[in-house]
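Enquirer: What follows is a structure written as structure tokens; I'll ask about it next.
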Amino acid sequence: MLDASVRLAPVTEPDAPRPVSPDQLGFERIVYEKTPPRATITLNRPEVLNAFDFRMLREIARACEDSSWDDEIKVVVVTGTGRAFCVGADLKAWGADLLDNPREYWKWFGAFKDMHDRLREIGKPTVARVNGIAVGGGNELQMACDLAVMVDDAFIRHVGPEHGSVPAGGATQWLPIFVGDRRAREILLVCDEIPAKQAEEWGLVNRAVPVAELDAAVDYYVERLAVKLPQTLRYTKQQLNWWRDISWHDTVGHARDWLAMSMLGDEAKEAIRGFLAKDKR
């Protein structure tokens with residue numbers, strides 16, 4: 001029996017699918033802004049190159065939910081603060097919390113999956129404003145968006161096979177669709193940097209532009225998308241997502257379980273601890 005003297009915190013879940021002002025959401029890891037017809041989700045951990053931690057994943061998912069409910073929002077832009085777009089998972093947090101702890105990893109990956117599902121199923125067009133490097137889960141995040149504009153002095157890279165994590169949070173599923181099988185294998189197995197212009201040529205992003213032109217290129221897409229019929233656009237996006245959804249839903253649950261168990265293995269533990277030791281130097 002709960003002690004009557006204990007004051008319960010108010011329930012924060014909404015009563016209906018109604019949008020709210022961003023300042024009501026209390027976000028700490030992202031900046032969420034709404035200036036209709038666009039909403040902007042800005043990853044805001046520049047000190048770790050906008051690496052995901054659990055709270056950031058939850059905040060992105062909640063911002064996507066709010067944007068999906070707001071009829072004044074026609075387009076959602078995803079970007080980062082500082083010199084990186086996103087470098088994927090925060091390996092420092094992994095090393096402290098998830099190694100030797102597959103049950104916790106399974107929960108963490110659930111938040112990652114939920115973030116991706118909320119973003120892809122937002123029902124509105126999304127544009128990745130790739131303001132800097134996109135590594136690992138950062139590339140998976142920009143691929144989850146409908147369109148992407150990238151600064152031309154940045155690069156895309158996957159490093160999972162070097163750090164003990166199979167890149168099955170979107171990369172193994174979607175890269176063959178984006179760039180073809182051979183190039184996907186090169187990106188994921190060789191782990192070389194893919195410069196922005198090469199990413200544009202391969203179809204990983206729509207445009208690679210100088211930093212001074214980044215906002216104008218994003219604005220162009222926002223303005224063109226915002227005037228389309230929203231219901232028709234939503235269903236067009238649903239149809240376009242068919243190949244991505246098939247590959248995602250058929251593999252991601254298995255990936256979640258396998259990756260969780262891999263946290264018990266020597267290979268993942270040695271790779272992540274080696275990375276963290278190098279990072280301290």
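Enquirer: Going by the structure shown, is residue 72 modelled with pLDDT of 95 or more and open to solvent by 30 Å² or more (accessible area, probe 1.4 Å)?
Expert: yes
Enquirer: When you scan region 226-281, how many residues do you find that are of a type in the set (Gly, Ala, Ser) and within 20 Å of residue 115 (Cβ to Cβ)?
Expert: The number of residues fulfilling the criteria is 4.
Enquirer: Right, here's the next one. Give the residue, chosen from 223, 267, that is within 15 Å of residue 125 (Cα to Cα), open to solvent by 100 Å² or more (accessible area, probe 1.4 Å) and in a helix (DSSP H, G or I).
Expert: One residue alone meets the criteria, 223.
Enquirer: So, in region 149-167, exactly how many residues are at pLDDT 95 or above and open to solvent by less than 60 Å² (accessible area, probe 1.4 Å)?
Expert: The qualifying residues number 7.
Enquirer: Which of the numbered conditions does residue 126 fail, given that it passes all the others? Conditions: (1) closer than 20 Å to residue 256 by Cβ; (2) open to solvent by less than 20 Å² (accessible area, probe 1.4 Å).
Expert: The single condition residue 126 does not satisfy is (1).
This table checks each residue for (1) out of contact with any helix residue (DSSP H, G or I) (no Cβ under 6 Å at 6 or more places or on another chain); (2) touching a residue at least 24 places away in the same chain (Cβ under 8 Å).
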| position | (1), (2) |
| --- | --- |
| 26 | yes, no |
| 29 | no, yes |
| 56 | yes, yes |
| 72 | yes, yes |
| 81 | no, yes |
| 101 | yes, yes |
| 112 | no, yes |
| 118 | no, yes |
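Enquirer: Test residue 58 against the stated conditions and say whether it is open to solvent by 40 Å² or more (accessible area, probe 1.4 Å), modelled with pLDDT of 95 or more and touching an Asp or Glu at 6+ places or on another chain (Cβ under 9 Å).
Expert: Taking the combined requirement at face value, the residue satisfies it.
Enquirer: Give the number of residues within region 177-199 that are buried (at least 19 other Cβ atoms within 10 Å of the Cβ) and over 21 Å from residue 247 (Cβ atoms).
Expert: Final tally of qualifying residues: 1.
Enquirer: Any idea how many residues of region 15-53 are under 19 Å from residue 86 (Cα atoms) and surrounded by 21 or more Cβ atoms within 10 Å (Cβ to Cβ)?
Expert: 11
Enquirer: Among the numbered criteria (1) on the phi > 0 side of the Ramachandran plot; (2) under 12 Å from the mean Cα position of the chain (by Cα), which one does residue 123 miss?
Expert: Here residue 123 clears every test but (2).
The values are calculated or read from the model by the stated rules, or taken from the named source; none is laboratory data. It should be emphasised that the depicted structure is a prediction, and the values quoted were computed from it without experimental measurement. Counting neighbours? That spans all protein chains shown, and the Cβs are built from the backbone with ideal geometry, glycine included. Quick note on the areas: whole protein, heavy atoms, side chains included, nothing else; ligands and nucleic acids left out. Shrake-Rupley method; radii C 1.70, N 1.55, O 1.52, S 1.80 Å.
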